[in-house]
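Heads up, the thing below is written out as structure tokens.
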Amino acid sequence: MFIVPASGDTPKDRPKRDELINQARRRNIDVIIVWKLDRWGRSVSDLFRTLNELSDLGVGFISLTEALDLTTSTGRAMAGLLVIFAEFEREILRERVRAGIAHAREQGKPHGRPATVKKYTEEVKTLFKNGLSQSEIARQLGIGRTSVRRIINNK
């Protein structure tokens, strides 16, 4: 049994999907069934590339949620349309997030991670002088060890 990668994975970082494609290349499988089409490909080009390869290998592809059977020409056409709209939706969301961040910055609201170094510099230096390890300091203050190391090294 193979598991299709989680939704946040990028096409370059999907070892389970790569393993499944390799199984298809070895002719060990006849059909791939996914829950939803966007779980297989994250972009139009990636989806079409992999689906064309599977088609050339004679491996069927079925998406349960969209009720698509890509072994038929109608199924392939519908899949293409769904992927295009899914990518369009992701791009719109990305644009809205960028616009929201820009708007917040225009209003002077901070964005991103809080400045740990400025907030904890004195406490970290004091605790380090008192003999606590970097891990103990991080645990006690509830901050990352990298932040503690950065503060100590920038004395």
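Every number in this text was worked out from the coordinates using simple rules, so none of it is lab data. Since the model is a prediction, treat every value here as computed from it, not as a measurement. Every residue, glycine as well, gets a Cβ built from its backbone with ideal geometry; the counts of neighbours run over all protein chains shown.
Rounded to the nearest 500, what is the chain's calculated 222 nm mean residue ellipticity when only DSSP H runs of at least 4 contribute -39500 (n - 2.57) each, over all residues? That comes out to -19000 deg cm²/dmol. Considering only the other residues whose Cβ falls under 11 Å of the Cβ of Ile21, what net charge follows from Lys and Arg at +1 and Asp and Glu at -1? That sum, taken over residues with Cβ under 11 Å, equals +3.
Neighbours of Ile101, meaning other residues whose beta-carbon lies under 14 angstrom from its beta-carbon, give a summed charge of +4 when Lys and Arg score +1 and Asp and Glu score -1.
Quote the relative contact order of the chain in percent (integer), defining contacts as alpha-carbon pairs under 8 Å separated by 6+ residues.
14 percent
Quick one: net charge around Gly58, please, counting Lys, Arg +1 and Asp, Glu -1 for every other residue with C-beta under 15 Å from its C-beta. Please list the in-between numbers first.
On the way: positive: Arg25, Arg26, Arg27, Arg76; negative: Asp30, Glu53, Asp56, Asp69.
Result for the neighbourhood of Gly58: 0.
The length gained by stretching the chain between Leu64 and Asn130 to full extension, at 0.36 nm per residue less their Cα-Cα distance, is 17.7 nm. Rounded to the nearest 10 degrees, the inclination of helix 73-106 to the longest alpha-carbon principal axis of the chain is 20 degrees.
So how much slack lies between Asp13 and Val97, counting 0.36 nm per residue of separation and subtracting their Cα-Cα distance, in nm? Could the numbers behind the result be given before it?
Details: separation 84, 0.36 × 84 = 30.24 nm, distance 2.39 nm.
Once the chain is fully extended between Asp13 and Val97, it gains 27.8 nm.
What the Cβ-Cβ distance of Arg105 and Ile84 gives, at R0 = 22 Å and to the nearest 0.05, is a FRET efficiency of 0.10. Taking 0.36 nm per residue of separation and subtracting the current Cα-Cα distance, fully stretching the chain between Ser73 and Glu122 would add 11.0 nm. With semi-axes defined as the square roots of five times the eigenvalues of the C-alpha gyration tensor, the equivalent ellipsoid of the chain measures 48, 23, 10 Å, largest first.
Net charge dipole, the range 39-155: roughly 1180 debye, given to the nearest 20, about the Cα centre with Cβ charges of +1 for Lys and Arg and -1 for Asp and Glu.
What residues qualify as long-range amide H neighbours of Phe61, i.e. H under 5 Å apart, gap of 5 or more or another chain, H built at 1.01 Å from N? Long-range HN contacts for Phe61: Ile32, Leu70, Thr71.
Report, to the nearest 10°, how far helix 44-56 tilts away from the longest principal axis of the Cα atoms in the chain, using its own Cα long axis and a range of 0 to 90°. It works out to around 40 degrees. Against the chain, whose longest principal axis is taken from its Cα atoms, helix 15-25 shows a tilt of about 20°.
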